Structures are given as C-alpha cells and as structure tokens.
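Chemist: Here it is: the structure, laid out below.
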Amino acid sequence: MKENNIEQLEFEKQAFLSIFHEDLREKINEVNNFANLIEVVLDLGRKPEARYKDETIYLREEPVTREEIENVVRKLGVFDRDNRAGIEKTLHRISAVFNRRNEVIGLTCRVGRAVYGTIEPIKDIIKGDKSILLLGKPGVGKTTLLREAARVLSEEMNKRVIVVDTSNEIGGDGDIPHPSIGNARRMQVPFGKAQEDVMIEAVENHFPEVIIIDEIGRTEEAKACRTIAERGVRLIATAHGTNIENLLVNPTLQDLIGGITAVTLSDEEALRRSTQKTILERKSPPTFDVLIEIRERGIYAIYHDVSETVDALLRGFPANPEIRTIEGMERKKTLTISTEREGSIKVFPLGINASDLSRAIHSVRASVEIVKDLNKADLILAEKRALDKRIEILDFANRIGIRVDTIEKTSLNGLKEYLRNLRERSFYKSTINYEELENIVKNVLDKNQPLELPAEDDYILIEEQSFISKFGLKSEVIGIKPNRRIIIYPRRKNERNVPNN
C-alpha cells in the first residue's frame, strides 16, 4: 500500500510539471521542495511565480508570453463553467483569468494532494449507519474528509458508494477518478444540469447504499437530500455554513436539520414552560442524524443527535458537542472512542433494556456507565415490577449501601428524562468552590471576554455548567479526557442589556 502511494505521488508530481515549459520544470526540480509547493502562477507579461508554504520565488526573470500560456491551455483542454480545468487522475486544479475578448491571459496552477489520516478521529461515525452533515469554513478540510469517507466506506466496508462530484473537487478531473476515493463510483454534473438532478438520478439508476455530496447550498439540493434519505439511502455531505447556528437562521438550508416553525401555546402550557405563547419549534425530523463542525483542521465538534440539539437550541439551552482531535487520537494510540467517563455514575440496570439505556446515556451525554457486576455499581436502576421479583437484590443493595432507583417509564424517552433528572441530584459530594466560580463568571460579564476553566471530571463539569447557566451565560465543554474543561462565553451584544433571572 505504501509503495502504491509513493508511485501515485510521483505520477502526480510529473503530471503537474508536464504542463509547463522545460525551463520552469527544471527550476522547480532544482528548488527540490515540491512537497511544500502550493501553486504556480503564470500571468501574461509578468515573471512566473512558484508559491510555497513559507516563501514565493520567481522561476525566471523573463516574463510569461502569450504563446507559453496557450501551450499550457492546449495540454489541459476545455475549461469548465467555473473557468477551471484539471489533469486526469490527479487532484491538481488550473484556474484561468480571461480578458474581455475571452482569451486566457493568466493561470493559477494549484497542486492538489490527497491527505490521508484526517478521518481517524471520526472514523467510527463514518463507519456507522447514520447520515452525516459536515460544516466548516473554506479550506478547513471538508472535501478531504468526503474523499476519505468514500475510500473507507467503499474499500473497508464494501459499501456501494456514489460520489456526486459537481466541480470535480472530490475525485479530480477527467473521466477516471482519483484513487483516493477508493472503489466509490463518481458521477459528474454536466453543463446545464443541476446537482439535485444528478443526486436523484444516482439513487434511481445506480442503487447506492451511500451518496456523498459536496456543498449543499440551494433549496432544491436540500429537498433532494430529504428525498434520498426517505428512500433509505445514507447521506454524507457538506453544506454552506460554519456551525449549526448558521443553519438555524438559514431559510434555504433549515430543512437539513428539520426546519423551524412558529407554534402558539395555550396559556397553561406557556405558563408551565415559563415562555411566551408563540415559540419556535422543529418542524420535522432532520435529514441528517449527525452534524460535525470542523472548527480547525483536525478539530471536530460532534452533535450525535441533531434532533435533540436543535430542540435544545430553540429552547435557549446551550448545545454541548463532543470534541475530538487528531492529536487526541495519537495520544491514545488507538482509534477507538471510549464512552466511559472518569467519575461517572456506575449503574446496574434491572428489568431495563441495556441497549436502550446505553442509547439514552449517549443521547443526553450523561456521565453514566453501565456495569454488569453489582459489586461495582453506585446505583441500581430498576423497573418496579422486576425489583418486586428480585427481593434478594434489594436486600443486597441495602447491606452494602448501594442506592436503588425505580423507574416506571422504561421507554427510550423515559430513560432520557430520568438521566436528565439524575444530573440535578447531588449524587456526588461537590468539590466546587462556588464563591470562586461566581467571581470568575462576574469577570466574564465585566470584561465581556470568554474564559477557560481548569480541567475537571465530567460530573463536576455538569455542576459547573448548571451554575454558569443561572447567570444567563452559555458555556461549552472542550478537550479530550483528562483535559476536558469548560469555556464560558460572554453575552452577545443584543443580550447584554437583558436582566438575569
């Protein structure tokens, strides 16, 4: 595999150099730094430039001629509607600058590389069965992740994968896609044909298990995604926006996360919720189950349940994603994400479906671990009728001092409700200095700047966030254990004059 990669890299290097005049090729080889070459720029009447990560050099003193540009264009073929062309079996991109007579007078020749390994922190999610939406600013690596997802699912999981490649960013130019997408099939979007048409065509004609799409940005594309999801095909896509809040206020793409509608409550319900009579609620199930924000290269904020996240945000609660990093994966020397938490409550379920309990724990991000050994349990969670039939367990718990909770609603929603209530109880003796924490919160309010707290165990983080929320501030848990910690954010400008409850 390593030898194949070396051969591919050498092929891609020579393919890139082959489009230039011999003297430019020789100069680039003489510099001997192709691994850090970003692009070569040819502008009519100016000296040709090679731009590297840390410097820009002139490849010669003589300016670029019209004939030189025309020779490069002849080797590339036709430019597409975005004024871009490529080199077959590579990810290199050549963009043209035209004059008013539609003649090419400049070229930006960008080196394209397949980056491997960036998918590792979220590989378990990619290998799962949920539809995934990726968000992030331009250049943060969204397309690279799609490329790796196509490879992993088609080669390692043997899935039928189709990549809908609108601008050939994922699979490269030409009819033969780049090997970095593995065994995935690639459908290009022809001139004059909308991306959503090709998406639907892929489902109707080629029977994929997974469809991968780059840059959902139009209402029609969002509707096509819902149609595909309703047909049971898994989606992995990117969308315009940097975080989930962007989608909530974007009427074009709201449907991807369920849409938003205004609902009028009765007087009694508004009083019970302590809200106004007209509130915003999620309109329908989201098209995507999981949303991942790529905050920086190799840093991922994961919302495992888009439905619950959107509902929480609409009710004014902070959304606390799980943070994963490439560095964190390397430190652990394993790619398995542990769901166990330091300081977690160890629960022995009795008469309760352990799978449902595990899903509920994961969904509400509860600091709870399921154990099968009573001697290791902090708490027995029992369905009442099951406990009545196992009196010996109750006697054992009383002897060694294990707390016993009974629950009537053992459905998934009932278990989630129980776990949320469990957070509010003082199961552990608190070690928080609330006076000191209050001073820190006041400092955030006074200086209007975010502040990071020291790393703590999960159950302390929950208490800290609960206390911070009483001041009307939002907070977020970041980092990988044992360095999980809280950032307290100041109020936004339009919130500063809102009095605290």
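The values are calculated or read from the model by the stated rules, or taken from the named source; none is laboratory data. Remember, predicted model here, so these are calculated numbers, not experimental data. Cβ sites come from the backbone with ideal geometry, for glycine too, and all protein chains shown count toward neighbours.
Chemist: Of the residues Leu473, Leu461, Leu453, Leu419, which is modelled with pLDDT of 75 or more, touching a helix residue (DSSP H, G or I) at 6+ places or on another chain (Cβ under 6 Å) and closer than 30 Å to Arg324 by Cβ?
Modeler: Leu419
Chemist: Inspect all residues belonging to the stretch 194-204 and state whether any of them is within 21 Å of Thr287 (Cα to Cα) and not in a helix (DSSP H, G or I).
Modeler: Just the residues of the stretch 194-204 that are within 21 Å of Thr287 (Cα to Cα), to begin with: 194-204.
Still in the running and not in a helix (DSSP H, G or I): 194.
Yes, the conditions are met somewhere in the stretch 194-204.
Chemist: Of the residues that sit in the stretch 376-388 and are in contact (Cβ under 8 Å) with a residue 24 or more places away in the chain and surrounded by fewer than 15 Cβ atoms within 10 Å (Cβ to Cβ), which one is farthest from Tyr418 (Cα to Cα)?
Modeler: The residue in question is Lys376.
Chemist: Could you count how many residues in the stretch 208-222 are modelled with pLDDT of 95 or more and surrounded by fewer than 19 Cβ atoms within 10 Å (Cβ to Cβ)?
Modeler: 1
Each row is one residue, and each column tells you yes or no for (1) under 30 Å from Pro190 (Cβ atoms); (2) hydroxyl-bearing (Ser, Thr, Tyr); (3) in contact (Cβ under 8 Å) with a residue 60 or more places away in the chain.
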site: Ala15; (1), (2), (3): yes, no, yes
site: Asp23; (1), (2), (3): no, no, no
site: Lys27; (1), (2), (3): no, no, no
site: Glu61; (1), (2), (3): no, no, no
site: Glu68; (1), (2), (3): no, no, no
site: Arg74; (1), (2), (3): yes, no, no
site: Val78; (1), (2), (3): yes, no, no
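Chemist: Could you pull out every one of the helices (runs of 4 or more DSSP H) wholly within the stretch 223-320 that has 2 or more residues that are buried (at least 18 other Cβ atoms within 10 Å of the Cβ)?
Modeler: On the way: elements: 244-248, 267-273, 306-314.
Result: 244-248, 306-314.
Chemist: Can I ask one more? Consider Lys130 carefully, then state whether it is of a type in the set (Lys, Arg) and either out of contact with any strand residue (DSSP E or B) (no Cβ under 7 Å at 6 or more places or on another chain) or free of Cβ contacts under 8 Å to residues at least 12 places away in the same chain (or both).
Modeler: Numbers: of a type in the set (Lys, Arg): yes; either out of contact with any strand residue (DSSP E or B) (no Cβ under 7 Å at 6 or more places or on another chain) or free of Cβ contacts under 8 Å to residues at least 12 places away in the same chain (or both): no.
For Lys130, the condition - of a type in the set (Lys, Arg) and either out of contact with any strand residue (DSSP E or B) (no Cβ under 7 Å at 6 or more places or on another chain) or free of Cβ contacts under 8 Å to residues at least 12 places away in the same chain (or both) - is not met.
Chemist: Of all residues being among the charged types (D, E, K, R) and within 21 Å of the chain's Cα centre (by Cα) in the stretch 351-367, which is surrounded by the most Cβ atoms within 10 Å (Cβ to Cβ)? Just the residue, please. Walk me through how you get there before you give the answer.
Modeler: So in the stretch 351-367, the residues among the charged types (D, E, K, R) come out as 356, 359, 365.
Filter once more, keeping what is within 21 Å of the chain's Cα centre (by Cα): 359, 365.
Values: Arg359: 15, Arg365: 19.
Among those that are among the charged types (D, E, K, R) and within 21 Å of the chain's Cα centre (by Cα), it is Arg365.
Chemist: May I pose another question? Anything in the stretch 107-133 that is of a type in the set (D, E, K, R) and part of a strand (DSSP E or B)? List them, or say none. Give the steps one after another, and end with the answer.
Modeler: From the stretch 107-133, those of a type in the set (D, E, K, R) are 110, 113, 120, 123-124, 127, 129-130; that's our starting set.
Passing the criteria: only Arg110.
Chemist: How many residues, within the stretch 1-49, are closer than 23 Å to Val104 by Cα and not charged (D, E, K, R)? Break it down stepwise before answering.
Modeler: Quick first cut of the stretch 1-49, residues closer than 23 Å to Val104 by Cα only: 15-25, 38-49.
Those left that are additionally not charged (D, E, K, R): 15-21, 24, 38, 40-42, 44-45, 48.
So the count comes out to 15.
Chemist: Pick from Ala184, Ala96: which is surrounded by 15 or more Cβ atoms within 10 Å (Cβ to Cβ), more than 24 Å from Gly241 (Cα to Cα) and assigned by TED's automatic domain parsing to the domain that holds Ile213? Working first, answer last.
Modeler: Values: Ala96 fails: assigned by TED's automatic domain parsing to the domain that holds Ile213.
One residue alone meets the criteria, Ala184.
Chemist: Tally the residues that are at pLDDT 85 or above and surrounded by 14 or more Cβ atoms within 10 Å (Cβ to Cβ), restricting the search to the stretch 422-439.
Modeler: Residues meeting the conditions: 2.
Chemist: Please list, ordered by first then second residue, the pairs with beta carbon atoms under 6 Å, 6 or more apart or interchain, first in the stretch 359-370 and in contact (Cβ under 8 Å) with a residue 40 or more places away in the chain and within 20 Å of Ser307 (Cα to Cα), second polar (S, T, N, Q) and not in a helix (DSSP H, G or I).
Modeler: Sorted first by the residue in the stretch 359-370, then by its partner, the list stays empty.
Chemist: Hey, does the stretch 166-179 have a residue that's buried (at least 22 other Cβ atoms within 10 Å of the Cβ) and outside any loop (DSSP other than H, G, I, E, B)?
Modeler: Scanning the stretch 166-179 turns up no residue that is buried (at least 22 other Cβ atoms within 10 Å of the Cβ) and outside any loop (DSSP other than H, G, I, E, B).
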